[in-house]
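Only the coordinates and a few stated rules stand behind these numbers; no lab work does. Computed from a predicted model, the values in this text were never measured in an experiment. With ideal geometry, Cβ positions are generated from the backbone for all residues, glycine too; neighbour counts draw on all protein chains shown.
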Amino acid sequence: MRGCTCHFVVKRLYARPSLALLIYNDRRHVNKSGFICHGPLDRDAIGPGAKKIPYICNEIQQQTMSMIYLGIPEESVLEKHIEGIQRYCGSDAKVNSLASQYVQKLGMIIRRSTHELDLDDQASIRLWVDRNKKSIFFYQDSSETDPFILGIQTEWQLQQMIRFGHRSLIAADSTFGIKRLKYPLCTLLVFDSRQHALPVAWVVTRSSAKPDVTKWMKSLLDRARSIEPGWKISGFLIDDAAAEIDPIREIFCCPLLFSLWRVRRSWLRNIVKKCTNIKIQREIFKRLGNILYSIWDGADPFVNLEVLIQDFVDQTAFIEYFKASWMPKLAMWLSTMRALPLASQEASGAIEAYHVKLKTKLFDDSHLGALQRVDWLVHKLTTELHSSYWLDRYADESDSFQNVKDEYIASTSWHRAMQIPNSAVTLGDKEHLFARVSSQKDSSLTHLVWNPGSEFAFCDCAWSMQGNICKHVVKVNMICANNEGYQPSMSFQSLREVLMNLWTKPMDDSVELDLSVAWTHNMLDQIKQLVELSSSDDIGAVVNNLPLKWVSKKGRTSVGIPSSTLALPSSSKSSTVHKKNRKRKRLSRLR
């Protein structure tokens with residue numbers, strides 16, 4: 001309408017449906033005479049207020065809000081805010097004054113905001129839902145027949161799920177706060193460009209029944225496909241053997257993987273807590289790991305468990321805990337490990353890093369009285385935690401906030417382990433009982449890792465003694481994987497078991513053999529395309545080599561480009577032809 005000459009061509013990439021290639025013919029918002037048509041630089045087109053009020057886009061506003069939520073000093077917030085708006089308005093004393101007023105006002109609003117919209121928690125949640133409908137993908141109020149379910153996903157989280165979840169993995173950190181919160185929290189995670197776990201949806205509910213899980217999962221998938229119709233994940237990673245897996249398979253139509261991080265963390269934390277002798281701690285943890293490894297060794301895990309209980313019968317506190325908490329459900333967990341391929345240590349470490357951060361944010365001593373309120377939980381998730389991850393991603397992608405970026409990169413044990421040189425690791429004797437890792441900060445300090453090469457390796461550092469996967473264990477396992485004499489990881493043994501089952505299953509000259517061959521070739525083709533895409537420096541060359549995907553003959557134009565107009569029904573086509581014939585008859589009469 002203003003004669004703007006800015007225009008571009010959009011090319012869809014078949015290999016990456018969530019990406020598009022934009023080719024600009026003219027990037028400037030000017031008319032044919034070269035004058036600015038619209039936008040923040042056009043001071044006349046958008047009213048006289050543009051000369052006085054600085055332009056604040058959504059990115060600047062979100063950046064400022066995130067910094068305020070995270071408690072960054074107001075001087076630093078104002079400095080970054082002014083840097084952002086000066087990209088649009090330039091440097092001006094009036095602009096700086098208005099920016100200062102804006103930051104002060106926004107900070108005052110955030111500090112005065114409260115999670116209690118009503119004294120009654122249920123009424124407060126209803127008010128929050130009415131005010132934040134864009135951030136909700138599913139809501140079901142509690143009643144006599146239906147349980148309470150609240151699915152939260154901001155617009156930014158939806159973008160990240162579509163971006164990093166397509167043709168990739170989604171993981172679940174399930175049953176968080178099952179003992180301390182009013183309703184347990186389930187978080188859906190994607191792995192970003194650095195393979196860090198990024199929360200893209202939160203589900204607050206106590207119900208894990210199949211009908212209820214199906215409801216919110218289907219709603220989440222429909223929301224993603226309303227933006228990107230071809231959106232699809234390659235795998236779903238669960239961490240709870242009691243989780244309902246049928247809805248995942250039916251809705252997402254993808255394979256499932258199982259992560260052991262929750263089992264490992266629970267066992268190690270209770271061993272350290274209930275056993276005082278460090279030698280006994282190492283041995284019990286190693287023996288528990290061997291029980292899980294016996295799934296692929298052919299030994300009976302329950303026989304090994306009975307031997308463990310007899311050998312450490314004097315460790316009353318831990319044995320009683322294990323019998324009460326794990327013996328009734330151990331068979332279920334072992335069967336899940338047999339049935340599903342196991343996730344890698346990198347993925348498990350990323351999920352655990354998110355879990356630790358979530359626990360630090362929520363279980364602060366100053367908020368112990370609010371743990372039984374859902375509105376408080378929702379407020380913490382959508383303000384502090386959401387702002388923290390938004391700022392992490394923004395700092396990494398824009399190469400700003402260097403301190404935030406460095407902390408974000410080093411937030412997982414896997415990335416911290418990559419910073420340890422191989423020369424700092426010394427493997428032990430021929431029996432492979434232990435390994436030593438020299439500290440990078442203090443050259444006189446050495447950490448001892450027992451049972452190297454195993455997911456159940458035991459390190460004496462403070463981070464590991466809290467039940468976490470530490471960088472020393474990850475680094476030692478990286479080196480052991482390339483050395484003979486150490487057992488393969490559980491994830492590798494699980495993959496080998498799956499492949500061997502596929503190899504031995506089909507009968508010769510059977511239809512099952514044909515089906516297995518077809519699946520194998522399909523997998524090989526996909527792997528080749530992914531390898532070519534990841535190793536190529538020119539995306540255009542990869543796209544040109546892809547085969548054309550023709551639509552039906554009626555739905556494409558003469559040059560082979562799919563038509564944007566829908567094909568008319570047969571009845572409308574016949575009426576159109578009839579009208580044309582009548583018009584020709586009238587013309588012939590006139591002639």
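Assign one of three labels to the range 188-290, namely rounded, prolate or oblate, based on the Cα gyration tensor with a ≥ b ≥ c the square roots of its eigenvalues; rounded applies when a/c is under 1.5, prolate when it is not and a/b is larger than b/c, and oblate otherwise.
It comes out prolate by the Cα gyration axes.
Calculate the FRET efficiency for C6 and D429 from the Cβ-Cβ distance with a Förster distance of 56 Å, rounded to the nearest 0.05.
Efficiency computed from Cβ-Cβ geometry: 0.20.
Which of the peptides 474-484, 270-280, 516-526 is most tightly packed, and how do the rest follow, going by the mean number of other Cβ atoms within 10 Å of each residue? It would help to have the intermediate numbers written out before the result.
Details: 474-484: 17.6, 270-280: 15.3, 516-526: 10.9.
Top to bottom by mean Cβ count within 10 Å: 474-484, 270-280, 516-526.
Extent of the range 260-351 along each principal axis, from alpha carbon coordinates, in Å, largest to smallest?
Here the spans come out as 36, 30, 22 Å, largest first.
Evaluate the charge dipole of the range 321-431 about its Cα centre and quote only its size in Debye, nearest 20, assuming +1 on the Cβ of each Lys and Arg and -1 on the Cβ of each Asp and Glu.
Dipole about the Cα centre, nearest 20: 620 debye.
Dipole of the range 241-302, Cα-centred, from +1 at each Lys and Arg C-beta and -1 at each Asp and Glu C-beta, to the nearest 20 debye?
Using only the charged Cβ atoms, the result is roughly 660 debye.
Residue by residue through the range 153-159, which ³J(HN,Hα) values in whole Hz follow from phi under the Karplus form 6.51 cos²θ - 1.76 cosθ + 1.60 (θ = phi - 60°), with glycine and proline marked x?
Calculated HN-Hα couplings, in order: 7, 6, 5, 5, 5, 4, 4 Hz.
According to the square roots a ≥ b ≥ c of the eigenvalues of the Cα gyration tensor, what is the shape class of the range 417-467, taking rounded for a/c under 1.5, prolate for a/b larger than b/c otherwise, and oblate for the remainder?
Oblate is the answer for the range 417-467, as a/c is 1.5 or above yet b/c matches or exceeds a/b.
Let a ≥ b ≥ c be the square roots of the eigenvalues of the Cα gyration tensor of the range 99-205; is it rounded (a/c under 1.5), or, if not, prolate (a/b larger than b/c) or oblate?
oblate
Could you run the Karplus curve 6.51 cos²θ - 1.76 cosθ + 1.60 with θ = phi - 60° over the range 246-255 and give me ³J(HN,Hα) per residue in whole Hz, x for Gly and Pro?
4, x, 5, 5, 6, 8, 8, 6, 9, x
What are the ³J(HN,Hα) couplings of the range 169-177, residue after residue, when phi is run through the Karplus curve with 6.51, -1.76, 1.60 and θ = phi - 60°? Round to Hz, x for glycine and proline.
9, 10, 10, 10, 9, 9, 6, 6, x
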